[in-house]
Amino acid sequence: MIENAKQLAEKADGIRKEHAGRSKIGILVSMGTCGIAAGTTPILNAIRDEIKKQGRDGEVEVIETGCMGLCHSEPTVEVFDRESGASVIYGQVTEQQAAAIVESGSKPAAGATALSRGWYYPEDEENKDNALQARIVLRNTGRINPQSLEEYLVQDGYAALAKAVTTMKPQDVIDTIIASGLRGRGGGGFPTGKKWAFAAAQKNDTKYVICNADEGDPGAFMDRAVLEGDPHAVLEAMAIAGYAIGATKGIIYIRAEYPLAIERLNIAIDQARKEGLLGKNIFGAGFDFDLELKYGAGAFVCGEETALIHSIEGMRGEPTFKPPFPAISGLWKKPTIVNNVETYANVCAIIRKGADWFKKIGTAGSPGTKVFALAGKVNKVGLVEVPMGTTLRDIIFGVGEGIKDGRAFKAVQTGGPSGGCLKATELDTAIDYESLKALGSMMGSGGMIVMDEDDCMVNIARFFLEFTLDESCGKCTPCRIGNKRLYEMLQDICEGRGTMETLEKLDTLSRTIKDTALCGLGQTSPNPVLSTMAQFKDEYLQHIQEKKCAAGVCHKLITYTINESCVGCTLCARNCPVDAISGERKGRHVIDQDKCIKCGVCFEACKFHAIDKS
Amino acid sequence: MGDACSCGGCVGSKIGCDNVLDKFPEQKADLEKYMDSLPIGKEKEANRGLLIQCLHKAQGIYGYLPESVQLFVANKLGLHLSEVYGVISFYSYFTDIPVGENKINVCLGTACFVKGADKVMAEFERVLGVKDGQTTENGKFTLGGLRCVGACSLAPVVMVNDRVYGNVTPAMVGDIIADCK
Amino acid sequence: MINLTINNQPVSVEEGSTILEAAGKLGIRIPTLCHIKLDCFNVEHRVGSCRVCVVEVEGRPNLAPSCCTPVMEGMVVKTNTIRAINARRTMLDLILSDHPKDCLTCEKNLECELQNLAQEMGLHRIVYEGEQSTYPKDMANESIVRDLNKCIMCRRCETACNEIQTVGILSGVRRGFEAVVAPSGERPLNETKCTFCGQCVAACPVGALTEMDHTYAVWRALNDKTKTVVVQTAPAVRAAIGEMFGIMEGCTTGKMVTGLRMLGFDKVFDTDFTADLTIMEETHELIERVKAGKNLPILTSCCPGWVKFFEHQFPDMINIPSSAKSPQQMFGAVAKTFYAEKIGVKPEDMVVVSVMPCLAKKYEASREEFNSSGARDVDIVISTRELGKMFQEAGILFEKLEDSEYDSPLGESTGAAVIFGATGGVLEAALRTAADWLTGEDLKDIDFKAVRGFEAIREATVNVAGMDIKVAVASGLGNARKLLEKIRSGEADYTAIEIMACPGGCLNGGGQPYIHGDTSILKKRMDALYAEDTGKTIRKSHQNPDIKKIYEEFFGEPGSHKAHELLHTHYKARTNA
Ligand SMILES: Cc1cc2nc3c(=O)[nH]c(=O)nc-3n(C[C@H](O)[C@H](O)[C@H](O)COP(=O)(O)O)c2cc1C
Ligand code: SF4
Ligand code: SF4
Ligand code: SF4
Ligand code: SF4
Ligand code: SF4
Ligand code: SF4
Ligand code: SF4
Ligand code: SF4
Ligand code: FES
Ligand code: FES
Ligand code: FES
């Protein structure tokens, strides 16, 4: 049991010494959901076996860690030297490489792919000047064992909580958060300190602190990475929030699709309780706080805070009208704050290092960093954390190292289903909450999907609408019926039935839905439509007027024709499922356009590039 | 219902007919034990807060939520059956239809979509002869879509039961199916 | 008080008021669809789901739903900007795009709030087209038709069923475009614990929930020469039927009787007669139980919605309600035995039609135990609304009719029977008789005002013959549940309780003319019933001469063997699923 702040400091020091004495070399194996999916488990075992085999048990220690963010190179392993601090990171590791990796310690092993440290360690001396990334939220993720409280304590874990409850008044905590300018990372960007102040001002014996770990934006996975990789940071921050607003109970609402995060959170909660870091009279300061997990059940709209609260209460996840805001009347009608995982992940560092330190990072209006899940057609897919104000270009072409397979960049989608698509001319936008909004997109939770010339923007808009349709709670008219009609119009355009009137209706209906929908889901669901219409109007027009899809995605609009390279091998004709191709052996074949169902089989089959797709 | 079981719903790996409560006493005891460990009280509103975790537990046990199980949960919590059904039908995680032995879920999240998840889904539909959300006649496979498992770096992703396949192409579909027991 | 301006006009309203209320104060109407407020029951359904009521609020990025946006100091509201008007129209355009445009053949035609709005807002063309929802029509029960293709998801029925009635049949199910309101498993109503109280029907603004129409069966019977067709009219019908013809105040009993004769009924009788009979039996039972000091409190049993409710949800308590049948079923039994015998008609050649404020009565008549005559005692039940429609169909100008009297012998009734139509009425009627019986006097002071009114639960202790009788009255099944739970826990020590399933009693039954949220109409109905009571010379059931006669001729005395055979029933525990 850690009973006061002094004991915490002593304990951390003790662990540091013990670690240093225990092993010289540490091997971090990335064991997040994605790492495991990419096959790190056998590698972990191989490395363990190898250590035994080489008789280096006392010297080399394997550490299971969370997501390193180097998703593009998974499976990833980092080997570091505790004394010198030197390390080497390997990507695309195989079991066969285990021996060499164990053997060479913190020097690059032959036969294994060492990655540049710069991507991952922006704080390194040599990267300092040109580092694009900065790590606050991900400071521990991928670097410590998330299942070990000791490792968290070594990284000053729970020092912020100790500082808050033993040296600060609740109001001081709130003032610090307000002064830091921290804004909610769940999408809206609402000032976190202000939200806490509202809740703190409510006179009520019971209040709640909720962590929104529903992470519903498809293509975003930073909250999962934090929960899997640094769960104690979230627990600590929630306790700080509890202290600030006068709550003794916390709830983490987590999506059921994240079993590993759930497991690691449960371990962390147990550990913290055992050490008295959660529970009664924390750090002897007379402050009680405990928390529990509640599971989602597959509903994106439950990320919306009122829906989330209803879901915790065991109801259908339908949002309700605000006001009253949760900070006034939330869970079980008690004052409640709902904050995102990443928001909480910033809190401890701010308390420890102060508001001024935090404000120096990022922009004036949006201080700090933002984690993005960079995905899609970009070379370095991964988790990136950059200071607010970084340009899209720096993220996609700098950190992300450009577009895959040498294709041309077409658009980047931010903000998930609530966001929009930005095109090349917007690449130099310094991103923060306001700038993205001004461009008709959103910061959202941090999904960033890069698209290239093979993506059809009308189809992307249709895809997002399909998502919204699936996920709408169905409560209010504009979202339940309006989005269905939007979807149908987009479907019409994608299938060649669109007219200029469709386009006009699409625009007016989109605006009306935004203007009238009950909750954030409906209020933002037309964003992908409006932003693609604004940025890629020509593509819409092409679909409508020329009945063509330049990206070759909308298959009803594609025509397959056979050109003069045809040698008459008959392969295509034999493969066509509807016998649409005819021709003499050794003669040029032709496609009967009336029969063709545009399945593309012939296109794939022809070995002579004799089939054109347009 | 009735004693003799002839509905054929049991074809899947989990228990498949609406008679499950009586026919599988061990499972019922498991659910009952779980629910008895919860702080169920007189206040309906407070009990409702326990509903979703009970449904998770029950679906974990039976694989799906037949009406008899819904009613069992409803009665223990003092809720109306309609409330329970309203919740089940809202959340895509819950189902009142028996599922196949293997759950094949194609990620249809954005990252996977731009990397061609729709083609993977189409291929599964073609090979298995069922549509998204359906179960094959032999009860072996249930095909579904899901929205992001957070392994977007491996897009397109397919999840079979608890196993994640990354960078899936339509050509791999046959092998993935063959991989299932 | 909060000060704001709406359309440039200043207004001040109480804190917590909505923009809608503030606008109302200025005489500005903002269209609404999902919102409904039932003042006299303190019920407000404020989901904010239809978005038809949106207005512009200065400084707000999007439009505000006026029905659920609280006013704020200095708020500047515009209700009639082009932006707000267009948005409101679009909401209707969207609803119509997922709605069968079947007005001409719709049960709700000319009573439909959606149709009214479409007209009011000048929707003259269909703007959006696309897939429409298709749900099977539920017509499997006697009382209610659910045609969810017309549902606009206002969720009023859900509030009626779950919050007001706490029966818990209806829930939002599925989500997105597929979302709809349905019972568990989306099964038909007759496979649920639905009480058929019809409060959901009364709440539905459109034709998604309507009564099962039985008027055609009535026409057929009336045209069948081989049948003797008699009709009975429930107490609450007379206080509401006039509304369908513009008569908003007072009972129109006499006109109604004339109209029924014009329709061709052979005899026009009054359920009030058997209401008096009910009092005889029930009061007898009350006194027996009080004397024995056992099985108390006694609960009234004349409301079939209430009966079905306790059968499902309080099966452990089925022995405490009175075993007396409801007036409707007593009438059927008496008509097809006593009366049929008297006029020499075989029961199978007699058709008993009821006109009821109630949809549960349709179901009640079909309960298999109600076959004292060997077959169904009550053949056809129509609602007040259906009777109104029959008058219209027959070209009867109701408002112009002369008054006439009910036929004898099942047409004579007392003031005690009339007030059955209002919550508290049955108990008051029973007390009038009980007091006389216990004291052996003809008491003058017979207005038990403490049990009258719309208040949720009303309690009173009445001193009768030196004995304190503690009574309670609840209307609305949610209030009934509260009382029952108190009884179950032993917390309550009542002697007698009256329960009516519908809030306010039968005057607000599921088969009454629609009030569209205007509860002042209910107050008028209540006043009308009590006025009718006061206007009667005989106001105590046991003093009804025809009642006395029927006991002399037929039943002997209250609680006799014969009475038990024909006038009493039993209840059965039903599943609580
Ligand atoms: C449809 C919808 C989905 C949302 N999903 C999430 C989510 O998955 N995670 C999240 O943290 N916030 C989500 N939000 C935002 C939350 O409602 C809420 O604003 C946020 O959790 C507040 O935390 P913050 O202030 O720390 O950002 C969503 C909002 C909407 C409207
Ligand atoms: S906007 Fe959509 S998700 Fe939000 S309340 Fe309306 S229907 Fe539900
Ligand atoms: S496969 Fe290519 S080369 Fe062969 S017949 Fe077809 S188009 Fe010609
Ligand atoms: S696209 Fe498919 S249908 Fe059309 S010609 Fe080629 S193989 Fe045949
Ligand atoms: S519900 Fe109303 S709008 Fe719809 S068809 Fe009936 S009358 Fe017409
Ligand atoms: S008003 Fe118009 S739609 Fe209605 S019946 Fe007359 S012509 Fe037909
Ligand atoms: S009739 Fe009454 S009990 Fe039945 S669904 Fe309607 S409101 Fe509920
Ligand atoms: S059935 Fe009627 S009351 Fe119920 S939600 Fe639909 S429209 Fe509203
Ligand atoms: S209160 Fe009257 S109208 Fe309502 S269900 Fe009961 S008997 Fe019918
Ligand atoms: S390494 Fe785990 S998400 Fe990329
Ligand atoms: S979008 Fe498929 S795993 Fe994230
Ligand atoms: S009446 Fe206001 S939202 Fe429906």
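The values are calculated or read from the model by the stated rules, or taken from the named source; none is laboratory data. The shown structure was predicted, so the numbers you read here are calculated from the model rather than taken from an experiment. Cβ: placed from backbone, ideal geometry, glycine included. Neighbour counts: every protein chain shown. To get the accessible areas, we keep the full protein, side chains included, count just its heavy atoms, and leave off ligands, DNA and RNA. Shrake-Rupley method; radii C 1.70, N 1.55, O 1.52, S 1.80 Å.
Annotations for the structure displayed:
- Of residues in the range A:581-610 being more than 6 Å from ligand 4 (Cβ to nearest atom) and within 14 Å of chain B (Cβ to nearest Cβ), the one surrounded by the most Cβ atoms within 10 Å (Cβ to Cβ): A:Phe603
- Candidate set from the range C:178-198 (those that are at the interface with another protein chain (Cβ under 7 Å from one of its Cβ atoms) and crowded, with 22+ Cβ neighbours inside 10 Å); member that is farthest from ligand 12 (Cβ to nearest atom): C:Ser184
- Whichever residue in the range A:170-184 is in a loop (DSSP other than H, G, I, E, B) and more than 8 Å from ligand 1 (Cβ to nearest atom) and, among such residues, is least open to solvent (accessible area, probe 1.4 Å): A:Leu182
- Where a residue in the range C:83-103 is at the interface with chain A (Cβ under 7 Å from one of its Cβ atoms) and its partner, wherever it lies, is within 9 Å of ligand 5 (Cβ to nearest atom) and open to solvent by less than 30 Å² (accessible area, probe 1.4 Å), with Cβ under 7 Å and at least six apart: C:Ile95/C:Leu114; C:Ile95/C:Ile152
- In the range A:402-446, the residues that are within 24 Å of A:Leu469 (Cα to Cα) and basic (Lys, Arg): A:Lys437
Each row is one residue, and each column tells you yes or no for (1) part of a helix (DSSP H, G or I); (2) within 16 Å of ligand 5 (Cβ to nearest atom).
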{"position": "C:Val145", "(1), (2)": "no, yes"}
{"position": "C:Ala160", "(1), (2)": "yes, no"}
{"position": "C:Glu163", "(1), (2)": "yes, no"}
{"position": "C:Val167", "(1), (2)": "no, no"}
{"position": "C:Val181", "(1), (2)": "no, yes"}
{"position": "C:Cys197", "(1), (2)": "no, no"}
{"position": "C:Ala202", "(1), (2)": "yes, yes"}
{"position": "C:Val206", "(1), (2)": "no, yes"}
{"position": "C:Asp213", "(1), (2)": "no, yes"}
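For every residue, the table says whether it meets (1) open to solvent by less than 10 Å² (accessible area, probe 1.4 Å); (2) touching a Lys or Arg at 6+ places or on another chain (Cβ under 8 Å).
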{"position": "C:Thr226", "(1), (2)": "no, no"}
{"position": "C:Val230", "(1), (2)": "yes, yes"}
{"position": "C:Val237", "(1), (2)": "yes, no"}
{"position": "C:Ala240", "(1), (2)": "yes, yes"}
{"position": "C:Phe245", "(1), (2)": "no, no"}
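- When A:Thr468, A:Thr516 are screened for being farther than 13 Å from A:Pro417 by Cα and either assigned by TED's automatic domain parsing to the domain that holds A:Phe325 or more than 16 Å from ligand 5 (Cβ to nearest atom) (or both), only A:Thr516 passes.
- In this entry, C:Pro100 is excluded by the filter for residues that are exposed (fewer than 15 other Cβ atoms within 10 Å of the Cβ) and either away from ligand 9 (no atom under 16 Å from the Cβ) or not in a strand (DSSP E or B) (or both).
- Residue satisfying all of: in the range C:183-195; more than 7 Å from ligand 7 (Cβ to nearest atom) and outside any helix (DSSP H, G or I); nearest to C:Leu33 (Cα to Cα) among these: C:Pro183
- Every residue from the range A:433-457 that is over 22 Å from B:Cys107 (Cβ atoms) and touching a residue at least 24 places away in the same chain (Cβ under 8 Å): A:Tyr433, A:Glu434, A:Leu439, A:Gly440, A:Ser441, A:Met442, A:Met443, A:Glu453
- Those residues of the range C:50-62 which are part of a loop (DSSP other than H, G, I, E, B), within 7 Å of chain A (Cβ to nearest Cβ) and surrounded by 20 or more Cβ atoms within 10 Å (Cβ to Cβ), in sequence order: C:Cys50, C:Arg51
- Residue in the range B:97-106 that is within 18 Å of the chain's Cα centre (by Cα) and polar (S, T, N, Q) present: yes
- Enumeration of residues in the range A:369-385 that are of a type in the set (D, E, K, R) and at the interface with another protein chain (Cβ under 9 Å from one of its Cβ atoms): A:Lys377
- Answer from A:Asp270, A:Asp172, A:Asp230 - the residue that is charged (D, E, K, R), within 16 Å of the chain's Cα centre (by Cα) and not assigned by TED's automatic domain parsing to the domain that holds A:Glu434: A:Asp230
- The set of residues in the range A:224-247 being more than 14 Å from chain B (Cβ to nearest Cβ) and of a type outside the set (A, V, I, L, M) consists of A:Asp230, A:Pro231, A:His232, A:Glu236, A:Gly242, A:Tyr243, A:Gly246.
- Filtered residue count, the range C:505-527, keeping only those that are open to solvent by less than 10 Å² (accessible area, probe 1.4 Å) and either at pLDDT below 95 or in a helix (DSSP H, G or I) (or both): 3
- A:Gly242 assigned by TED's automatic domain parsing to the domain that holds A:Glu313 and open to solvent by 10 Å² or more (accessible area, probe 1.4 Å): no
Yes or no, residue by residue, for (1) hydrophobic (A, V, I, L, M, F, W, C); (2) part of a loop (DSSP other than H, G, I, E, B); (3) more than 20 Å from the chain's Cα centre (by Cα); (4) within 14 Å of chain C (Cβ to nearest Cβ):
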residue	(1), (2), (3), (4)
A:Pro417	no, no, no, yes
A:Cys421	yes, no, no, no
A:Leu436	yes, no, no, no
A:Met443	yes, yes, no, no
A:Glu488	no, no, yes, yes
A:Leu503	yes, no, yes, no
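- One residue from A:Gly216, A:Gly193, A:Gly187 being away from every other protein chain (no Cβ under 14 Å), within 16 Å of ligand 1 (Cβ to nearest atom) and within 29 Å of B:Gly109 (Cβ to Cβ): A:Gly187
- Per the listing A:Phe463, A:Phe397, the residue uniquely within 11 Å of another protein chain (Cβ to nearest Cβ), part of a helix (DSSP H, G or I) and over 17 Å from the mean Cα position of the chain (by Cα) is A:Phe463.
- Restricting the range C:323-377 to residues that are at pLDDT 95 or above, outside any helix (DSSP H, G or I) and small (Gly, Ala, Ser), the residue that is farthest from C:Asp276 (Cα to Cα) is C:Gly344.
- Scanning the range C:151-170 turns up one or more residues that are open to solvent by less than 30 Å² (accessible area, probe 1.4 Å) and charged (D, E, K, R).
- Number of the exception - C:Val47 against (1) in a loop (DSSP other than H, G, I, E, B); (2) open to solvent by 50 Å² or more (accessible area, probe 1.4 Å): (2)
- Helices (runs of 4 or more DSSP H) wholly inside the range C:408-497 containing at least 3 residues that are over 27 Å from C:Met356 (Cα atoms) and open to solvent by 50 Å² or more (accessible area, probe 1.4 Å): C:477-488
- Exactly one residue out of A:Ala239, A:Ala220 is more than 16 Å from ligand 8 (Cβ to nearest atom) and out of contact with any Leu (no Cβ under 9 Å at 6 or more places or on another chain), and it is A:Ala220.
- Filtered residue count, the range A:328-360, keeping only those that are among the hydrophobic types (A, V, I, L, M, F, W, C) and either within 30 Å of C:Gly168 (Cβ to Cβ) or open to solvent by 10 Å² or more (accessible area, probe 1.4 Å) (or both): 6
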